[in-house]
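Here's the structure we're looking at; comments come further down.
The values are calculated or read from the model by the stated rules, or taken from the named source; none is laboratory data. Remember, predicted model here, so these are calculated numbers, not experimental data. Cβ sites come from the backbone with ideal geometry, for glycine too, and all protein chains shown count toward neighbours. Calculation scope for accessible area: heavy atoms of the full protein, side chains included, ligands and nucleic acids excluded. Shrake-Rupley method; radii C 1.70, N 1.55, O 1.52, S 1.80 Å.
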Amino acid sequence: MHKKFKVYLSESFDPKFNLSIEEWLMDCSEPDEVILFLWQNENTIVIGRNQNPYKECDVKKLKEDDVCLIRRLSGGGAVYHDLGNLNFTFISSDNNYDVENNLKVIIDAIDKFGIKSCFNGRNDLLANERKFSGNAFISDKGKSCHHGTLLMDVDLDKLSRYLTVSPLKLQSKGIESVLSRVVNLKEICPQMTIESLKTALITSFNEFYNTETKIIILNENGIDVAKYVEKYNSWEWNYSESPDFSIVLENKFDWGIFEINLELSDGKITNCKIFTDSIELEDFKILEKSLINVQFKRSEILSIIEKYIKNGKIKQGLSNFISDKIHM
Amino acid sequence: MKYDLIIEKFSGHDTSGKIGKINKKAGDSLNSGDTIFSIESGKGTIKYTSQYKGVLEQLSITEGDIVKKGQVVGTVEGELFKETEVVKAKPAYSFGLAKPVQKSYEVDVAVVGGGPGGYVAAIRAAQGGKKVLIIEENRLGGTCLNYGCIPTKALVSSIDALEKIRRSESFGIEVGDVKFSLEKIMNRKNEVVNTLVSGIEHLMNAHEIEYLNGKAEVKDSETLTVKNKSIDATIKFQKLIIATGSKTAILPIEGASSEDILTSQDLLKLTEVPSSLTIIGGGVIGMEFAFIYNSLGTKVNVVEFFPQILNNMDADVAEVIRTSAIEKGINIFESAKASTIKSALDGTKIVEINENNESKYIISEKVAVAVGRKANLESLDLTKLGVELNERRNGIMVNASMRTSNPNVYAIGDITNKIQLAHIASHQGIVAADNINGIENEMCYDLIPSAIFTMPEVAHVGLNEKDAGAQNIDYLIGKFPLMANGKAQAMGETEGFVKLIANRETRKIIGGTIVGVHATDMLSTISNIIASDLTIDKAAHVIYAHPTTAESIHEALLNIDGRGIHFA
């Protein structure tokens, strides 16, 4: 089949926009197109399709530092993006899809900086035996997508700070992230920049396919992907699309010990058990019942507490406690 | 209509995956194209979408479950709603371009070859606390599991089912036309093999045995290298176990090395049933395939050089198999030497055979050669390892501890060319690993069982009449025909017999052969009698459950002294 090659560059650093573009390309590209899409996100944690944000990262810290959290289409583990990171995406129809070709494009591009790299056979690209690129794959409706990160000059302190396992007592059925020893490419080749890396990738893509592709620049003004952005902006997609999980929140108040066990499915509380040595048992019985079917969102839970807990001191204590633990 | 939801594919070549988000639950209505759940595997994520319009009746998985290809995960009540778009198979991708990662290992024990010798030795060595690494060029499980014992038995099971249905009328059951699909029979066989291979992979993991897929090369007497697409490994070992097996021997006659001559491995992957097939070699492998293809409708000829098929067996044993084969329409040529294989213009094969100094021609669509197996002596540089060959130069020389001429190197299995059987290899593997673990153990070949899956089956252990005669042992025999066994009659499988051999002087049981239904499963009773050194009288003083085919062993024991109850 004749192939059409396209290179897209995003000018936006907004993860919602960029992931929207990616999904739009999967949905709307032509069957004969072979696409390379390069993009960057500012200060973002991207979790795998089947992960739980509460488990993979410290949501409280993300909120405090204004880090965006977003769920992607492909599986695998959580990653941190900032402007020292460049993302690549290859999209084509299944019969034009060859991970090996894609990797060759990347490895050759990196080679232009004198860096020898290799694929470890699973999901990572390594240089000097350390990971500089995590890859993930998804296929849907006859199209396949292979995307990955390229750590050029990422703030590794932040990376490890945000990707620390949740301080919450939580059990999730989804996919767990795997810690890796990582390296920034700039550390190996100090003169590398994001721009030169982009250029090298595009050159490598053109060389591999023996083509001279025109580059298409994308930004929020030029294209309408609002339908997709809405999804990537939603609490439902980012938080409630997690596999089922359970969580235990506990605290010692001056009115007694309080422990609440929640089971969650599709972002809603499906089961709730409260243990307490407080004498105000009546309130807690009602709270247990009233929380069923409520969304696991701070505002929703607070309004239930407000409505059903009569004792002012307990109400105040619980409200502060929930606000401290649940951040969405 | 009710449909099963089956896991049909994963990303890439993965064979298992983890259930991610489940989007539908039992009772939900479904449309064709709806995502029911997503599956993550090593090579990526896919959505499991509905091909049905209806109601999801039941879903037996939960998020986080590991699922395998072919697994049924739920049921739908509704109708099939095939999308018109044909989903094309994705091209296989490998990682050939990625530069191999350099790795170096230092291990206590390196095992080269992952067949029934190698993997068993690896496990036993690991059980002794050794750090073990195993290298396999092809697939774990070796010839036995991938191209020998197991796949042929999977085929035999399909054939058994087919044969049972064909004679269903004799059981009072009427069925319509019986049809089979070779493709489905082969697929089932492949599934059986894949399940067992992944079982061995699991065992390697469970014992923390490092597994490298690739060809081992000898660097020096204590170092191996393995290079494949993803790694370039150097392995320093304290002890080495060579278990590189054997391959099909080629018959040294004109036309036998031609590409269209089939080996047993080829016979396991034919996509069409040949109209006719000539098998050169009427040993175990040749006869098993003769019965398999005969059942599938092929006109089969067997050419055996020795005076009888299954030449190691006693004449009365071969007689049962010969009669059964001829009744089924298999042509048997014994004492017949194949001298040339030629191709006619239309590709038909002509085998010239020499029977009683007379040339004859057999014409068939395909020709297969099953004349034994040759040790893979060229698989490793034995000179560099300081490992010597045996006197006949057809195998690696080993002592009873399986040690070679290099005290740090052991060899086990077909490469030693002692007796080429999977269970010998496994036992040799245990002996070698025990010695490495500091436990003295020696291999003894006195009591080797063998199992042949012809129709009917044959099983043998210890000495047969030929052996006893050759060793000038004064022996007694006791024989009991399955015809006189109640269970065999009830099953309608009355061919064959149980034959036991005892030493007249010591009255101990020294050998036994069973031909007939359940023969291979009954054999270990005889092995145990011999291994326990039992006399005829002691062995007969055991109660056998009724009604079982194993009662025939009891009767054969009694018949040694002419005291059998059910046969006169």
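Things to note:
- In this structure, the residue pairs whose Cα-Cα separation is over 28 Å, taken from A:Lys55/A:Lys273; A:Lys268/A:Lys325; A:Lys231/A:Lys289; A:Lys131/B:Lys384; A:Lys55/B:Lys2, are A:Lys231/A:Lys289; A:Lys131/B:Lys384; A:Lys55/B:Lys2.
- Sorting B:Tyr361, A:Tyr228, B:Tyr410 by solvent-accessible area of protein heavy atoms yields B:Tyr361, A:Tyr228, B:Tyr410, largest first, with a 1.4 Å probe.
- Modelled FRET efficiency - R0 25 Å, B:Asp65 with A:Lys227, Cβ distances, 0.05 increments: 0.15
- Rg(Cα)/(2.2 N^0.38 Å) for region B:466-568, N = residue count: 1.01
- Rounded to 10°, Cα long-axis angle of helix A:312-325 versus longest principal axis of chain A: 10 degrees
- Each principal axis of the Cα atoms in chain B has its own extent, and those three values, largest first, are 75, 67, 61 angstrom.
- Theoretical gain in end-to-end length, B:Thr323 to B:Leu447 [0.36 nm per residue, Cα-Cα removed]: 41.8 nm
- In the context of the full set of protein chains, chain B has a per residue accessible area of 47 Å² (1.4 Å probe).
- Look at the dipole of region B:264-370 built from charges on Cβ: of B:Leu345, B:Phe306, B:Ser295, the Cα furthest out on the positive end belongs to B:Leu345.
- Sparsely packed trypsin sites (Lys or Arg not before Pro) within region A:202-240, loop by DSSP, other Cβ within 10 Å at most 11: A:Lys214
- 23 Å Cα-Cα threshold exceeded, pairs from A:Lys173/B:Lys47; A:Lys4/A:Lys104; A:Lys16/A:Lys61; A:Lys141/B:Lys9; A:Lys16/A:Lys112; B:Lys269/B:Lys299: A:Lys16/A:Lys112
- Residue (of B:Thr548, B:Ile509, B:Gly462) at the positive-pole extreme of region B:456-559, dipole from beta-carbon charges: B:Ile509
- Placing unit charges on the Cβ atoms only, positive for Lys and Arg and negative for Asp and Glu, gives region A:73-231 a dipole magnitude near 460 debye about its Cα centre.
- Working from the Cα coordinates of region B:2-80, the gyration tensor eigenvalues give, after taking √(5λ), semi-axes of 21, 12, 11 Å in decreasing order.
- Against the main long axis of the alpha-carbon atoms of chain A, helix A:298-308 sits at an angle near 10°.
- Angle between chain A longest axis and helix A:194-209 axis [Cα atoms, degrees, rounded to 10]: 60 degrees
- Here the dipole of region B:233-366 is about 620 debye; that uses its Cα centre as origin and unit charges on the Cβ of Lys and Arg (positive) and Asp and Glu (negative).
- Placing +1 on each Lys and Arg Cβ and -1 on each Asp and Glu Cβ, with no other charges, gives the protein assembly as shown a dipole about its Cα centre of roughly 620 debye.
- Long-range tail of P(r) for region B:257-398 (Cα pairs > 19 Å, %): 56 percent
- For A:Thr203, the accessible surface of its heavy atoms amounts to roughly 50 Å² (probe 1.4 Å, protein chains only, rounded to the nearest 10).
- Where trypsin sites (Lys or Arg not before Pro) fall in DSSP loop in region B:177-276, at most 15 other Cβ within 10 Å: B:Lys179, B:Lys269
- For B:Val398, neighbours were defined as the other residues whose beta-carbon sits under 13 Å from its Cβ, and their charges (Lys and Arg +1, Asp and Glu -1) total -2.
- Loop GluC sites (Glu not before Pro), region B:439-522 (other Cβ atoms within 10 Å of the site Cβ: 16 or fewer; DSSP): B:Glu440, B:Glu442, B:Glu505
- Carbon plus sulfur fraction of accessible area for the protein assembly as shown, probe 1.4 Å, in percent: 50 percent
- Theoretical ellipticity at 222 nm over chain B - DSSP helices of four or more residues, -39500 (n - 2.57) apiece, nearest 500: -7500 deg cm²/dmol
- Which of B:Leu56, B:Ile39, B:Gly27, positive extreme of dipole for region B:2-80 (C-beta unit charges): B:Ile39
- Of the complete DSSP H runs in chain B, those spanning 24 angstrom or more by Cα along the long axis with a mean Kyte-Doolittle score not below 0.0 are B:149-166.
- Förster-model FRET efficiency, 22 Å R0, B:Leu345 and B:Leu182, C-beta, rounded to 0.05: 0.25
- Inter-label distance for B:Ser104 and A:Glu42, nm, one decimal - labels placed 7 Å from Cα along Cα-to-Cβ: 4.8 nm
- Point-to-point label distance, B:Glu440-A:Ile215, nm (Cα→Cβ direction, 7 Å offset): 7.7 nm
- Derived from the Cα gyration tensor, the three semi-axes of the equivalent ellipsoid of the protein assembly as shown are 62, 35, 30 Å, largest first.
- Pairwise FRET efficiency - A:Asp32 versus A:Lys116, Cβ, R0 = 41 Å, nearest 0.05: 0.75
- B:Ala545-B:Lys236 pseudo-label distance in nm [points 7 Å out on the Cα-to-Cβ vector]: 5.6 nm
- Summed buried accessible area for B+A [probe radius 1.4 Å, Å², rounded to 100]: 2900 Å²
- For chain A, averaging the sequence separation of C-alpha pairs within contact (under 8 Å, six or more residues apart) and dividing by the residue count gives a relative contact order of 18 percent.
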